[in-house]
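A.B. asks: Let me begin by handing over the structure; questions about it come next.
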Amino acid sequence: MAKKNMDVVVRSKTAKYLITGIAAVSMLSIGVVLYSQWLTLRSFEENTSLLRLTQMVQQEVATAHLWFEEALGGDSGIDLQLDVHARLDKVLRLIDSGLQGDDTAIGRIDPLPSTREGLLKLREDITDLDKLVDTRWAGRESTGVIGGEEDQAFDALFADILAQTGAIGAGASDFIAADQRKMIAIKAGILIILAVLFSAMAILIVWRRRVMDARAIALNTEAQQLNGDPAMVRGQASAASKGESQFLANMSHEVRTPLNGVIGMANLLLRTELTQAQREYVETLHRSGLSLLTAINNILDFSKTGALTPNITDVSMKTSVDNEENFAGYSRPPIIPGRWSNLNKKVLVVDDNEVNLLVAQRMLEELGFEVDLAANGLEAIDAAAAGEDYAAILIDIQMPGMDGNEATRIIRLAEGDKQHTPIIALSANAMVPGREKALAAGMDDYLCKPIFLEDLDEVLGRLLTGETAFQV
């Protein structure tokens, strides 16, 4: 029987490592895919600008040609310098900016080597056309307006310029179509990665459940062999239940931690200036993350059915669903950037995960707070004891060495009755016992990862304005 119990422990650890590995690989894959998406979007925008450049060149050169012909025909209302030379000069400046990769009135252009050669040739021909304008104008009395060598060279060069711009534009259109296909493939890739992650975790959950069922059968068999020793059976059953609950808590932590980075950063990115296409991509990423969060919570809820009854009441889960359903309109009032800046106080954030530290820091800065960072419980204690009057402390529960609960107890002992800094638990554990332990340790509130800016603002508002703290 002891050997069977050891097998269960080994399998449980194996499942944990597999979940951690799958989550890490999936998040890394999503990061690579998002980087590819950024490169593709940049290429799409630059090729779109290049297409607009060729269209503008065609329009301006054609207009300059038309007005020059009108001037040669005797139209005194045409100013050769303003209506012809100025237009050609505008086109030359635009091509120069494109060749140098500068921002232009039609966007940034960074052409490929093949396109760059075409632009250089186009610039050379437009320069020659500009010179021919003066040559034809100076010789209009002696050579005639139509039919001379200068006239034929001018028209041939004009036709060649139109052909070149057409070819460059056609190439840009091909690149744009290819970029659009890539972006569709990238979106599909993100969804596939999320689907694979969900499926893999579901398989591991089912596997884990079967392992625990096998252990329950073994316990029942042993109970019969012990001729009804209920105390031993209850002890073994309790140990099995605790092991299952710990497994669920660990799985929740390992999966929600990277999701906090994905969803949190997507949430912050949506509050910045984005193009329509960029906003569409980020919204897709954000919705996909929320869908994965919903699936993970459903898996946790499913895994607790049967003999095991850990109570999962995830407030952030409800928030994520609400946010998903009201994504386009955001049912809650919009958060005013920097609205807490009038406090002129800092918030201490404690987390052993660099991504989670960054997410929390950027959210707090968005709300108007200055932020100090600590990587573990000992650093949190030192920072709290250094004399800084923090508006609040946000601390992760599960950290190596000293965890958030122990650090909070020590901070509360040091404060005594003289002060009470609001402390908010940040945890990837959605289990109710985790909340109860945090509040018992002296924390004032509890946020389950992934953290949403609206939830953070609401909790800080409740604590900093003196309202009662959250209770389980």
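A.B. asks: Just read off the accessible area of H420 with the full protein assembly in place, 1.4 Å probe, to the nearest 10 Å².
C.D. replies: 110
A.B. asks: Next question. Taking amide hydrogens as modeled 1.01 Å from N in the peptide plane, which residues meet the under 5 Å criterion relative to D372, leaving out close sequence neighbours?
C.D. replies: Close amide H contacts, sequence-distant or interchain: V347, L348, V349.
A.B. asks: Which order do the peptides 29-38, 447-456, 377-386 take when ranked by the mean count of other beta-carbon atoms within 10 Å per residue, highest first?
C.D. replies: Working: 29-38: 16.0, 447-456: 22.8, 377-386: 18.3.
The most tightly packed comes first, giving 447-456, 377-386, 29-38.
A.B. asks: So what's the net charge close to E117: Lys and Arg +1, Asp and Glu -1, counting the other residues with Cβ under 12 Å from its Cβ?
C.D. replies: +2
A.B. asks: Step through the residues of the stretch 338-344 one at a time and calculate ³J(HN,Hα) from phi using the Karplus curve (6.51 cos²θ - 1.76 cosθ + 1.60, θ = phi - 60°), rounding each to whole Hz and writing x for Gly and Pro.
C.D. replies: Those phi angles translate into x, 5, 9, 5, 5, 5, 6 Hz.
A.B. asks: With Cβ to Cβ distances under 15 Å as the rule, what net charge do the other residues near I190 carry (K, R +1; D, E -1)?
C.D. replies: +1
A.B. asks: Going by average Cβ density within 10 Å per residue, which order do the peptides 278-284, 47-53 take, highest to lowest?
C.D. replies: In decreasing order of mean packing, 278-284, 47-53 become 47-53, 278-284.
A.B. asks: So which of K346/K418; K345/K418; K90/K131; K345/K437 end up more than 21 Å apart by C-alpha? Don't skip to the answer; put the middle values down first.
C.D. replies: On the way: K346/K418 19 Å; K345/K418 19 Å; K90/K131 15 Å; K345/K437 28 Å.
Violating the 21 Å limit, Cα to Cα: K345/K437.
The values are calculated or read from the model by the stated rules, or taken from the named source; none is laboratory data. Please read these numbers as outputs of a predicted model, since none were measured by experiment. Cβ coordinates were reconstructed from backbone atoms using ideal geometry, including for glycine residues, and neighbour counts include every protein chain displayed. Ligands, DNA and RNA are stripped out before the accessible areas are found, and what is left, the full protein with its side chains, is counted by its heavy atoms. Shrake-Rupley method; radii C 1.70, N 1.55, O 1.52, S 1.80 Å.
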